[in-house]
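Structure record follows, encoded as structure tokens.
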Amino acid sequence: MQISRPAKRMLSVLITGGAVFGATALVSSPPASAQYWDQSMKSDDGDPGAVIRFKEHGDVVQVCDIEKDDWAAYGTVVWFNSSGERKHYNLRAGGFGSCYQKDADNYNLPEHKSISFRICLQNKQGLDYCDYAKWTNNG
């Protein structure tokens, strides 16, 4: 099969343009919506379905349900204020791809102190898979 000269030129332009576009996509910066997290932890099950993330600057905590199933993600953050009083809050996200987030507008975590984080995956019958960590807020 013979290809005409104009068709060859068009094919060459398309191949070159595709290669340039592909190379540009590989070296481009990440989208503006991408966030940097100082800490993250997944639920403690064989196929983790929940994640908790913490960003020190701004005291941002996010809980996400990362699997499409009948399980929901929930997290707890616990700390002690300057007078030794125990403080905490809960975050819950249900449904694949859904996240729930709190930031400094909702609370202010203590600086340079250990804070307890828990992430759990729970089904409708109340079965949990949880993981725990203590992270320091240096932000």
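The values are calculated or read from the model by the stated rules, or taken from the named source; none is laboratory data. None of these values were measured; they are calculated from a predicted model. Don't worry about glycine lacking a Cβ; one is built from the backbone with ideal geometry, like all the others, and counts go over all protein chains shown.
Summary table below
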{"read-out": "Hits in region 99-139 (condition: small (Gly, Ala, Ser) and either farther than 12 Å from residue 71 by Cβ or in contact with a Ser or Thr (Cβ under 9 Å, 6 or more places away or on another chain) (or both))", "value": "104, 114, 116, 133, 139"}
{"read-out": "Condition check for residue 72: under 19 Å from the mean Cα position of the chain (by Cα), within 19 Å of residue 35 (Cβ to Cβ), surrounded by 13 or more Cβ atoms within 10 Å (Cβ to Cβ) and in contact (Cβ under 8 Å) with a residue 24 or more places away in the chain", "value": "no"}
{"read-out": "Candidate set: region 78-114, residues that are modelled with pLDDT of 85 or more and charged (D, E, K, R); chosen: the one nearest to residue 133 (Cα to Cα)", "value": "113"}
{"read-out": "Residue 139 vs. criteria closer than 16 Å to residue 39 by Cβ, touching a strand residue (DSSP E or B) at 6+ places or on another chain (Cβ under 9 Å) and either in a loop (DSSP other than H, G, I, E, B) or at pLDDT below 90 (or both)", "value": "yes"}
{"read-out": "Some residue of region 25-38 being surrounded by 11 or more Cβ atoms within 10 Å (Cβ to Cβ), at pLDDT 90 or above, in a strand (DSSP E or B) and not aliphatic (A, V, I, L, M)", "value": "no"}
{"read-out": "Check on residue 112, assigned to a loop (DSSP other than H, G, I, E, B) and loosely packed, with under 14 Cβ neighbours inside 10 Å", "value": "yes"}
{"read-out": "Hey, residue 87 assigned to a strand (DSSP E or B), without any contact (Cβ under 8 Å) to a residue 60 or more places away in the chain and over 15 Å from the mean Cα position of the chain (by Cα) or not", "value": "yes"}
{"read-out": "Which listed residue is touching a residue at least 60 places away in the same chain (Cβ under 8 Å) and not in a loop (DSSP other than H, G, I, E, B), from 118, 53", "value": "118"}
{"read-out": "Residue that is surrounded by the most Cβ atoms within 10 Å (Cβ to Cβ), among those in region 91-109 that are closer than 20 Å to residue 57 by Cα and under 17 Å from the mean Cα position of the chain (by Cα)", "value": "91"}
{"read-out": "Positions within region 90-104 being outside any strand (DSSP E or B) and within 18 Å of residue 37 (Cα to Cα), in sequence order", "value": "97, 98, 103, 104"}
